[in-house]
Amino acid sequence: MRKSLIWALSLSVLIGTAGSTGVATAADSETGSTSVADSQSTDIKDRILAIPGMSLIEEKPYAGYRYFVLNYEQPIDHRRPWAGTFQQRISVLHKDTNRPTVFRTSGYGLSTTPSRSEPTRIVDGNQISMEYRFFTPSRPQPADWSKLDIWQAASDQHRIFTALKAVYGKKWLSTGASKGGMTATYYERFYPKDMDGVVAYVAPNDVVNKEDSAYDRFFETVGTKECRDRLNAMQREALVRREPLEKKYQAWAESEGATFNTVGSLDKAYEAVVLDFVWGFWQYYGQDVCDQIPDAATASDDTVYETIDAYSGWSAYTDQGLEGYTPYYYQAATELGSPTIKQPHLAGLSRYGYQPASSFVPREIPMKFKPWVMRDVDTWVRHNANHMLFVYGGNDPWGAEQFRLGKGARDSYVYVAPGANHGANVAGLVEAEKANATARILAWAGVDAPAVQAAQPLARFDARLDRPVDEDATREHGLRP
C-alpha cells in the first residue's frame, strides 16, 4: 500500500511538470525573450503556459518585469491525485530566468496587483506568489474541508515549484509574513529539499494551544505603563458602556445588512471586537501613536465607539466579515491553534473571554483539533532548520510565541526588530543583524561573493512594488496573524 501511495504521488508530480521546457538561458528583463537552439517558443509567457495544467488569467505590464496572473490545476487531495482537481491562482513577477526566484505566499488570498517581497528586492529576482487553498476563488467545489491542512498546502507549493523549476532554474527562496511565514516554514518541514533558503517574517509558533502565558507576559510589559494603562482603560470603558454602544452597533449592523449567525449573537461579536482592541493596537500600530488614544474617563460614547472601530473593526466578526477568513479560522481550530489571553483588567465585565477559533467557523463545517501537528513542526525546526531566517517585531503580540532553533540548526537565525510591530522586516533590524541577514539571503540565492559581502539589496526601493510584508492578506481588523 505504501509503495502504491509513493507511486501515485510521484505520478501526480510528473503530470504537473511533463512537457515543460528545459532550464532557460539568459532572458531579457524587459521582454522575457530567451536564446535557445530549439523549435519551441522562447517567449516566457509561452514557456509558462506550456506547463500542463497552467492557464492565463491576465497579463499586466510593469516596467522592468512581466507580470502574469495564472490558474494552475491542483489535486484536491495530494494523497489521491486522481480524485478531482481545482484551479489554484498564482502570479509570476518575471525578471529574468538567470536571476534567483522567490516563492511567496501570504497564507491567505492572492493580490493581483504587482508587488515585490523584501527578499525579492534583496536578490533582484523573480517572484512566484500562491493563493492558499480554500481561499476563494482557489477553493474546490464542493469543498471538502478535511483537505485543508498544512501538508496539503505544502504539497500545492511543491507541485508549483516542480513545474516552474524547469523554467526558473537558478536558486529558489521561500518567504511569507505572518500566516505566510508559517506557510513557508511548514513547506520547508515537508519538502526540505525544494528551497535553497527560507525567510519567514513574524510567524507565530503556537506549539501547545492550551498554554498561552507568553502572550499574557507580553501585554504586561510591552510599551510604557502609561500607554498600557491608557489602552486598558479604553477597552474597559467599552464594556462598561456595553448597553449604549451595542445600540450603536445594532443600528450600524441594520444599515449595513450585517448578520451574526456564525458567532451566535451581536453581543458575542461586540465583545470579541472589544477584546481585540489592545491586541490590534500593538499588532498594527505602536507606542508612537499611543497619545492618540482618547482619555477613556472623559470620552463620549461616540468617541469610545469610534476608537474601538479604528483599531479593532466592528465588521470583523459579522458573517460578512468572517466569510473570507473561514479557511484561516478552520485551520486555527484544527491545526494552527489560536491565542487566549487573560486581560485581568476586564474582570467582571467580560462575558465570554477570548472565544476559540472554532466560534468563527460556520457550524456545518466539522472540526477536530490535532495537537500533534504544531509540536511536530516545532521539533523539526529546532533540530533540522537549515538556511532559515525568522524575523519578528519586538512590539508585535504574535511574536510572543516564536520559532526557536536548537543544536541541530545550521546557518539559521532568529532576529527581533526592536520596537517593530507586525510589519517587521530585515530593514528594521539592528545594523549587525541586518547586514548578516541580508548577506545570508544573498548567499542562499547564489549571488556572487562581492554582492554578498556588500550585504545590500540588489534592487532599488520601488514604492509601488515594495508594499507592507503581509498585504496579500488584505485583512480587515480582527485577531488574525
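The values are calculated or read from the model by the stated rules, or taken from the named source; none is laboratory data. The structure displayed is predicted, hence computed values, not measured ones. Quick reminder, even Gly has a Cβ in these numbers, built from the backbone with ideal geometry, and neighbours come from all protein chains shown. Protein only, heavy atoms only, side chains kept; ligands, DNA and RNA dropped before computing areas. Shrake-Rupley method; radii C 1.70, N 1.55, O 1.52, S 1.80 Å.
Worth pointing out:
- If you filter region 77-87 down to residues that are of a type outside the set (Asp, Glu) and surrounded by fewer than 19 Cβ atoms within 10 Å (Cβ to Cβ), you find that the one that is nearest to the chain's Cα centre (by Cα) is Gln87.
- Residue match in region 311-325 (condition: assigned to a helix (DSSP H, G or I), open to solvent by 10 Å² or more (accessible area, probe 1.4 Å), touching a helix residue (DSSP H, G or I) at 6+ places or on another chain (Cβ under 7 Å) and at pLDDT 95 or above): yes
- Of the helices (runs of 4 or more DSSP H) lying entirely inside region 121-231, those carrying at least 3 residues that are surrounded by fewer than 18 Cβ atoms within 10 Å (Cβ to Cβ) are 213-221.
- Residues that are in contact (Cβ under 8 Å) with a residue 40 or more places away in the chain and either over 30 Å from Gly423 (Cα atoms) or of a type in the set (D, E, K, R) (or both), drawn from region 263-289: Gly264, Asp267, Lys268, Glu271, Asp276
- In region 364-380, the condition of being in contact with a His (Cβ under 8 Å, 6 or more places away or on another chain), over 30 Å from Ala316 (Cβ atoms) and of a type outside the set (Asp, Glu) is met by no residue.
- Among the residues of region 89-102, some residue qualifies, meaning at least one is open to solvent by 10 Å² or more (accessible area, probe 1.4 Å) and assigned to a strand (DSSP E or B).
- Against the list (1) in a loop (DSSP other than H, G, I, E, B); (2) free of Cβ contacts under 8 Å to residues at least 40 places away in the same chain, the condition Asp77 fails is (2).
- Residue in region 330-341 that is outside any strand (DSSP E or B) and exposed (fewer than 15 other Cβ atoms within 10 Å of the Cβ) present: no
- Taking first residues from region 149-166 that are within 30 Å of Met367 (Cβ to Cβ) and partners that are assigned to a helix (DSSP H, G or I) and at pLDDT below 95, the Cβ contacts under 7 Å between residues at least 6 apart in sequence or on separate chains come to Arg159/Val13; Arg159/Gly16.
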